[in-house]
Amino acid sequence: MIQKPVGKVDGMAACLGKPLYVEDFIPRNALRLKIVQSPHAFAYIEKIDTARALAVHGVVCVLTYEDVPQDHPITLAAEAAPEGSTHDRVILERTVRFVGEPVAVIVAETEEAAEAGARLVDVTYRLRTPHFDYETAIDDGIPLYGPGESFVHFDNGHVPERNIIARKDRVYQDVETVLADCDVVEDVTVHTQAQAHIQAETHRTYCYPDGRGRLVMITSCQSVFNTQRIITEGLGIPAYRLRVIKPKVGGAFGGKNTSYFEGLVAAAVLKTDRPCALVLSREESMTISNTRHAARSRIRLGASRDGTFRALDIDMLINGGAHGEHSFDVLNVGGGNTMPIYRCCEAERFTGRAAYTNLVPAGAFRGFGAPQVVYGLEGAVSDLAWKLGMDSSELRLKNIIHQGEKHPFLSGGVVNSSRLEELIRRGRELIGWEEEYPSHRVDDHTIQAVGMAIDMHGSGIGGLDSVNATVSLNYDGSFTLFAGACDLGTGGDTILLQIASQTLNVDMERVQIEVSDTKTTPYDKGAYASSTTYVTGNAVKDACEQMLRRIGETAQKLYGLEEPPHLSDGELLDGGGNRVDTLEEFSHKIASFSSAEQLTCTGAFKCPSAPPPYVAGFVKLRVDTETGKVTLLNYVAMVDCGTVINPNLARVQVEGGIAQCMGYALYEDMRFSKTGAMLSNDLQKYRIPCSMDVPPIQVEFLESFEPSGPYGAKSMGEVTFHTAAPAIREALLHATGCQLNTLPITPEKVLAALEEQKEKGGRLPC
Amino acid sequence: MLKLTELKTPASLEEAYELLRLPHHTALAGGTLSQLQAGEPTVGVELTHLLPSGITRDGCRLRIGAMTVLRTLETDPALQTGCLSILPASVRHLQGPALRNLITVGGAVGARFPQSEFLTALLALDAQAVLYRGGTVPLETYLNAPPEDIVCELLVDREPGQTGFCAVRNSYVDQPILCAAACLREGTWRIAVGARPFLTEVRTCPASRDIREIAADCGASFRMGDDLKATADYRRRICPAIVRRAMEGEGVCR
């Protein structure tokens, strides 16, 4: 069942438009919510007058800060407890800290009434002075949070008086001394922009009272258990009073890893005792929920003249926006999932800081800090190769880490599975590196070039992730797999079924999956940090292995055999290969009066370390030297994610990650006004690449075998993202000699770089 | 998105004309403009059944009915090659074929979008607009001072001269950062530059100098501005290059 291109289990249903998503479950009589957003970037609400809104026919009530607990800051980051994020939120704030922050929520019989009511809420604000520049916010801006307004579970470097959300430091030996001794030091600073997730399905939540004092919530989220914990904590109700279910989700990418809206809907249900629903428009999703962290990363890479890396120093400053969710972990990943791709230098250091600003909050987004740093790190490697006159792929081959080698910043300390070297060698062949390197002129205003980049990521979070999965043998001989895991359109449910049927040695049709329900499925951390295959997959494998043993023991007793029979292809066979019984008959018998022993097994996996998958990305592109326009021609992605459980789903993940990073590199430009309002707040102004922008992407997998992974698998979800942007930067370096250090690389920036180079007397390479 | 309180279906162009002069009455052709507009709820006045659709030959001219959708223009076999192939080139990047199946020529002209590549190409071709009350006027006149009138048809010469079209955009379906169209006829260039981000304008100049010189001077004569996509400075720097490429025949399929 594994390593087979099985179609998604809900794929056909989705194509045929079956009712699978949150919006399909909202009944006609549900109340509809509309959020009133703050027009100010930093203000204290002195008074909210809801009289005019309440007078609108159809408006049932208006929620404000008075309806939710204010004294206990939580984080909305839906990751496992104890959450490392700085806690600085309540479900509805009295102080608003970014333009667009929810101020009030209208609850009405219809969407039209809710919208009409939203226009009539009168708010009296006392304005405060906002600060928008994250590069000067620490110590320069007015603190966003006063005493008592924020809280941390453990010291993550949070210093509210200085507008520091969190800090992360990693030190190995003395990097300054080694840098001073190096033949050459590349010193490059890159600025990477905030990015919007633009999932096909915006945020939406439906919640109803079950008549027995409990709430049932159906929401588009990434972790049902963490959502349950956060919302009940924020509303001051016991966790068992809220059941959270995740149906089919139309994409998340990290944007639904923070429970922005669930608390509002639950609060509405508590107040009205009626079913309530909130469906966000694209603009609301973009302006209220999170972006990727914008960042400034300074890389100092010291090497000897022959290209051997000797010292690596990375300084990362990220813009957390108005709230601190995820910022600490982004800094963690910024150093931990980037630097260990190269052999450990004589000295290495990572210094990370996250700053508050009065802008829309940043949060989780595929890559989670690594893409920002990789843009700079791979940029430094590209620049070093260019300066030394070395082929950049050879420079990488000289310095990459190999299987069996250690790195102090690597989760688990040692690389147990890697084919990174072969990824680079094979990828070079496929893109035509030797013929194309570095660049050549096509006509009087077009240059063609190649570039590459490598990246790594994690598989789950070492030392933190924990997951259970349960498998049950039903009386009809079928199995049910219960997993709290969350398929986000990623195909996670399908992967788990493949692992289960492989382990149980039965056809996939014999296994049903029940997922993502706090009431019926066992605890699972949820879908983030690339963990469904590796972490939940291991728990599923464990549960199924236990099930095989239980079937054997039970059958041995039931049939009076000397040894336990084994399950093969739906039949129980004894040691001599003779059939003892069919699985169906056995299941009838154990469920019947003679036995009353239905079999259920719960497996577990605690993630001790997060084994890294690897990608080597190669791009071929053309640049128009008169306009700066970049056209991508071809991309090759070589991937080592361990054993590939499903080649089709894996391929789609790679293509999606690469395309999304091409958007990050060239097209997606998030802009704010001088007063902190998001200007690029719809799909006309914020452009993601369309199919015509994305070149043919050639994907090849080279399977290593990760001993700690289910059947040798690692992860895929995030590692597929980071290479496209630095590969494009390197190709442009090869084409023009210019370093494009600010994303997105627009035609205007390329032209400006070309003109600056000409003014300084520089020349094009060809 | 515009909210309509009522939909009126006038029986004649005269009735439509009178209705559109009333406050809070808006014309509906393909219906796509209302997706972008905001404001007070209005009365929609349907025009689809009153105006011609399709491209016909009339001697040395093409008549393009106002209800012709851009997709028809884009795929018309007669426009795929030759000097008029800059018309398909000027609409090909607009959003996607589904939307181009709705957007009408009359709506595109009436909307007068600054980013419109279509209007830029039409201006260079010296197209004319046939108005209900106002008769046949040069498109340039209509764009500069749009009267309260209904566009019924466009007229375009079948042999307008030597043409070209060039645009710079970021994403393939993005609005252009800058676009230029050129047409040389009887020793005179008509050069139109749009998406500056101001409404497209046209200049005429004699073909008496080197193309590069004309492109440089002409390009510098257009007023440029800043917007989210690019700065005025960038537009000024690339304008001579894209005007030159339009003059060299880019965008024409031979």
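One table, with the values for the structure above:
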read-out: Among the residues listed as A:Leu20, A:Leu33, the single one being at pLDDT below 95 and either under 20 Å from A:Met217 (Cα atoms) or not assigned by TED's automatic domain parsing to the domain that holds A:Val96 (or both); value: A:Leu20
read-out: Any chance A:Lys589 is open to solvent by 10 Å² or more (accessible area, probe 1.4 Å), out of contact with any strand residue (DSSP E or B) (no Cβ under 7 Å at 6 or more places or on another chain) and of a type in the set (Lys, Arg); value: yes
read-out: Subset tally (residues that are more than 14 Å from chain B (Cβ to nearest Cβ), open to solvent by less than 20 Å² (accessible area, probe 1.4 Å) and among the hydrophobic types (A, V, I, L, M, F, W, C)) for region A:717-766; value: 11
read-out: Subset of region B:235-244 (residues that are touching a residue at least 60 places away in the same chain (Cβ under 8 Å) and of a type outside the set (Val, Ile, Thr)); value: B:Cys239
read-out: Selection within region B:22-40 - more than 18 Å from B:Met67 (Cα to Cα), in contact with a strand residue (DSSP E or B) (Cβ under 7 Å, 6 or more places away or on another chain) and open to solvent by less than 60 Å² (accessible area, probe 1.4 Å); value: B:His25
read-out: Inter-residue pairs, beta-carbon under 7 Å, first free of Cβ contacts under 8 Å to residues at least 12 places away in the same chain and within 14 Å of chain B (Cβ to nearest Cβ) and in region A:613-642, second assigned to a strand (DSSP E or B) and open to solvent by less than 10 Å² (accessible area, probe 1.4 Å), 6+ apart; value: A:Thr631/A:Leu621
read-out: Residue among A:Lys606, A:Lys541 that alone is of a type in the set (D, E, K, R) and modelled with pLDDT under 95; value: A:Lys606
read-out: Single match in A:Leu317, A:Leu359 (criterion: open to solvent by 10 Å² or more (accessible area, probe 1.4 Å), in a loop (DSSP other than H, G, I, E, B), at pLDDT 95 or above and within 18 Å of A:Ile165 (Cβ to Cβ)); value: A:Leu359
read-out: Any hit, region A:641-658, residues being of a type outside the set (Gly, Ala, Ser) and part of a strand (DSSP E or B); value: no
read-out: Qualifying residues in region B:208-238 (those that are hydrophobic (A, V, I, L, M, F, W, C) and closer than 20 Å to A:Ile745 by Cα) - the one most open to solvent (accessible area, probe 1.4 Å); value: B:Leu228
read-out: Filtered residues of region A:518-542 (kept if open to solvent by 10 Å² or more (accessible area, probe 1.4 Å) and outside any loop (DSSP other than H, G, I, E, B)); value: A:Thr532, A:Thr533, A:Asn538, A:Lys541, A:Asp542
read-out: Set B:Glu140, B:Glu153, B:Glu159: member being away from chain A (no Cβ under 14 Å), assigned to a strand (DSSP E or B), of a type in the set (Asp, Glu) and open to solvent by 10 Å² or more (accessible area, probe 1.4 Å); value: B:Glu153
read-out: All positions within region A:695-707 that are among the hydrophobic types (A, V, I, L, M, F, W, C) and either within 14 Å of chain B (Cβ to nearest Cβ) or in a strand (DSSP E or B) (or both); value: A:Ile697, A:Val699, A:Phe701
read-out: Unmet requirement for A:Gly213, which otherwise passes all of (1) assigned to a loop (DSSP other than H, G, I, E, B); (2) without any contact (Cβ under 8 Å) to a residue 40 or more places away in the chain; (3) within 22 Å of A:Ile288 (Cβ to Cβ); value: (3)
read-out: Residue list for region A:212-268, restricted to those being at positive phi, buried (at least 23 other Cβ atoms within 10 Å of the Cβ) and not hydrophobic (A, V, I, L, M, F, W, C); value: A:Gly254
read-out: Per-region count, region B:218-238, residues more than 10 Å from chain A (Cβ to nearest Cβ), among the hydrophobic types (A, V, I, L, M, F, W, C) and assigned to a helix (DSSP H, G or I); value: 3
read-out: Options A:Ala650, A:Ala665: the member that is open to solvent by less than 20 Å² (accessible area, probe 1.4 Å), within 20 Å of the chain's Cα centre (by Cα) and within 14 Å of chain B (Cβ to nearest Cβ); value: A:Ala665
read-out: Residue in region A:30-41 that is without any contact (Cβ under 8 Å) to a residue 60 or more places away in the chain and in a loop (DSSP other than H, G, I, E, B) present; value: no
read-out: Whichever residue in region A:15-29 is part of a helix (DSSP H, G or I) and in contact with a strand residue (DSSP E or B) (Cβ under 7 Å, 6 or more places away or on another chain) and, among such residues, is surrounded by the most Cβ atoms within 10 Å (Cβ to Cβ); value: A:Val22
read-out: Any hit, region B:192-199, residues being surrounded by fewer than 20 Cβ atoms within 10 Å (Cβ to Cβ), in contact with a Lys or Arg (Cβ under 8 Å, 6 or more places away or on another chain) and outside the structural domain of B:Tyr17 (by TED's automatic domain parsing); value: yes
read-out: Considering residues of region A:551-576 that are in contact (Cβ under 8 Å) with a residue 40 or more places away in the chain and buried (at least 18 other Cβ atoms within 10 Å of the Cβ) only, the residue farthest from A:Ile590 (Cα to Cα); value: A:Leu567
read-out: Residue ranges of helices (runs of 4 or more DSSP H) in region A:392-511 with at least 3 members among the hydroxyl-bearing types (Ser, Thr, Tyr) and in contact (Cβ under 8 Å) with a residue 40 or more places away in the chain; value: A:492-504
read-out: Residue list for region B:19-38, restricted to those being small (Gly, Ala, Ser) and assigned to a loop (DSSP other than H, G, I, E, B); value: B:Ala29, B:Gly30, B:Gly31, B:Ala38
read-out: Residue among A:Asp169, A:Asp139 that alone is among the acidic types (Asp, Glu), assigned to a helix (DSSP H, G or I) and not assigned by TED's automatic domain parsing to the domain that holds A:Lys47; value: A:Asp139
read-out: Cβ pairs under 6 Å, 6+ apart, first in region A:675-694 and at negative phi and within 8 Å of chain B (Cβ to nearest Cβ), second open to solvent by 50 Å² or more (accessible area, probe 1.4 Å) and assigned to a loop (DSSP other than H, G, I, E, B); value: A:Leu679/A:Arg671; A:Ser680/A:Arg671; A:Lys685/B:Leu228; A:Cys690/B:Tyr172; A:Met692/B:Tyr172; A:Asp693/B:Tyr172
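A quick yes/no check of all residues on (1) within 27 Å of A:Met692 (Cβ to Cβ); (2) touching a residue at least 12 places away in the same chain (Cβ under 8 Å); (3) out of contact with any helix residue (DSSP H, G or I) (no Cβ under 7 Å at 6 or more places or on another chain):
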residue: B:Leu154; (1), (2), (3): no, yes, no
residue: B:Ala181; (1), (2), (3): yes, yes, no
residue: B:Gly187; (1), (2), (3): no, yes, yes
residue: B:Asp233; (1), (2), (3): no, no, yes
residue: B:Ala246; (1), (2), (3): yes, yes, yes
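The values are calculated or read from the model by the stated rules, or taken from the named source; none is laboratory data. Source: prediction; values computed, not measured. Positions of Cβ are generated from backbone atoms using ideal geometry, with glycine treated the same way; all protein chains shown enter the neighbour counts. Ligands, DNA and RNA are excluded from the accessible area calculation, which covers all protein heavy atoms including side chains. Shrake-Rupley method; radii C 1.70, N 1.55, O 1.52, S 1.80 Å.
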